[in-house]
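What follows is a set of notes on a single structure, which appears directly below.
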Amino acid sequence: MVIHTAKFLLSSPSFDKCPVANKPEYAFIGRSNVGKSSLINMLTGQKNLAKTSSTPGKTQLINHFLIESSNVKKQKQQWYLVDLPGYGYAKRSQTDRRRWEQMIENYLRKRPNLVQVMVLIDSRHTPQKNDLAFVNDLDKWEVPFSLVFTKADKEKPAVVQKNVQLFLDALKATWQFLPQVFITSAEKKTGREELLEFFEQNNLR
Ligand code: GTP
Ligand code: MG
């Protein structure tokens, strides 16, 4: 897939305020500060498309980006990338957290054109409770998702592999099918080709 243009479209406070659901859509979610916005910038090749910050909790709304690309057959495709606010931000109030849960659950369960949710997980850490709880929610809601391990440039490859395996092992305990896994670094552009190819294949369905 070749990306021609990537434009910010809209920030929405709830799923029913999102753009018309007439294009394939991929949403990026994960713990606050895991690298969602950075990954969107890396994939689109635009440094400042999604706002990034070293302070967690930067992204607060449902942010839609309109992507125009072409596939191997040179067919033009239009689709949406969505940057979602992260979970597990300790400084957020109870009320804000509940508002986040409502907004995210509604969006994930009701958005008709959502093809896949990309769940980002920090590859430097062993499985974290809130990440496991979140993917179990997705499974319960029957929302299709993949796992995207981030910041791989910050750890030795062997440690990244081990953390990925531990995460899958934790899921294996109760699941029959395991999700697809991507290993990425926004810094080094690792995983870009694999992710774009994945989007391209799913867009064609
Ligand atoms: P919220 O919107 O606050 O939930 O955060 P986010 O998940 O969008 O994270 P963001 O992309 O803003 O990145 C958080 C911090 O991690 C920033 O300082 C980024 O520069 C850094 N970062 C993100 N991805 C990578 C990566 O692949 N490698 C390295 N070394 N740093 C990264
Ligand atoms: Mg962000």
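The values are calculated or read from the model by the stated rules, or taken from the named source; none is laboratory data. Here the structure is a predicted model, which means the values were calculated and not measured. Cβ: placed from backbone, ideal geometry, glycine included. Neighbour counts: every protein chain shown.
Worth pointing out:
- If you check Leu171, Leu196 for being more than 16 Å from ligand 2 (Cβ to nearest atom), of a type in the set (A, V, I, L, M) and within 20 Å of Leu43 (Cα to Cα), only one passes: Leu196.
- Applying the criterion of being near ligand 2 (Cβ under 9 Å from one of its atoms) and not in a loop (DSSP other than H, G, I, E, B) to the residues of the stretch 16-74, the residue that is modelled with the lowest pLDDT is Ser37.
- Residues of the stretch 138-161 classified as touching a residue at least 24 places away in the same chain (Cβ under 8 Å), part of a helix (DSSP H, G or I) and either touching a Ser or Thr at 6+ places or on another chain (Cβ under 6 Å) or charged (D, E, K, R) (or both), total: 5
- Leu178 within 20 Å of Leu138 (Cβ to Cβ) and in a loop (DSSP other than H, G, I, E, B): yes
- Against the list (1) away from ligand 2 (no atom under 15 Å from the Cβ); (2) more than 20 Å from Ile121 (Cα to Cα), the condition Ala90 fails is (2).
- Checked against the criteria, Val82 does not count as within 10 Å of ligand 1 (Cβ to nearest atom) and buried (at least 18 other Cβ atoms within 10 Å of the Cβ).
- The one condition in (1) of a type in the set (Phe, Trp, Tyr); (2) within 23 Å of Glu142 (Cβ to Cβ); (3) within 13 Å of ligand 1 (Cβ to nearest atom) that Phe15 fails to fulfil: (3)
- Every residue from the stretch 94-114 that is more than 16 Å from ligand 1 (Cβ to nearest atom) and surrounded by fewer than 17 Cβ atoms within 10 Å (Cβ to Cβ): Gln94, Thr95, Arg98, Gln102, Glu105, Asn106, Arg109, Lys110, Pro112, Asn113
- Subset of the stretch 166-205 [over 24 Å from His4 (Cα atoms) and among the small types (Gly, Ala, Ser)]: Ala170, Ala173
- Yes/no for Tyr80 being more than 9 Å from ligand 2 (Cβ to nearest atom), in contact with a strand residue (DSSP E or B) (Cβ under 7 Å, 6 or more places away or on another chain) and farther than 20 Å from Val115 by Cα: no
- Residue tally, condition more than 19 Å from Gln77 (Cα to Cα) and buried (at least 17 other Cβ atoms within 10 Å of the Cβ), over the stretch 10-40: 15
- One residue alone among Phe145, Phe134 is under 18 Å from the mean Cα position of the chain (by Cα), within 14 Å of ligand 1 (Cβ to nearest atom) and surrounded by 17 or more Cβ atoms within 10 Å (Cβ to Cβ), and that residue is Phe134.
- Among the residues making up the stretch 50-77, those that are more than 8 Å from ligand 1 (Cβ to nearest atom), farther than 17 Å from Leu196 by Cα and crowded, with 20+ Cβ neighbours inside 10 Å are Ile62, Asn63, His64.
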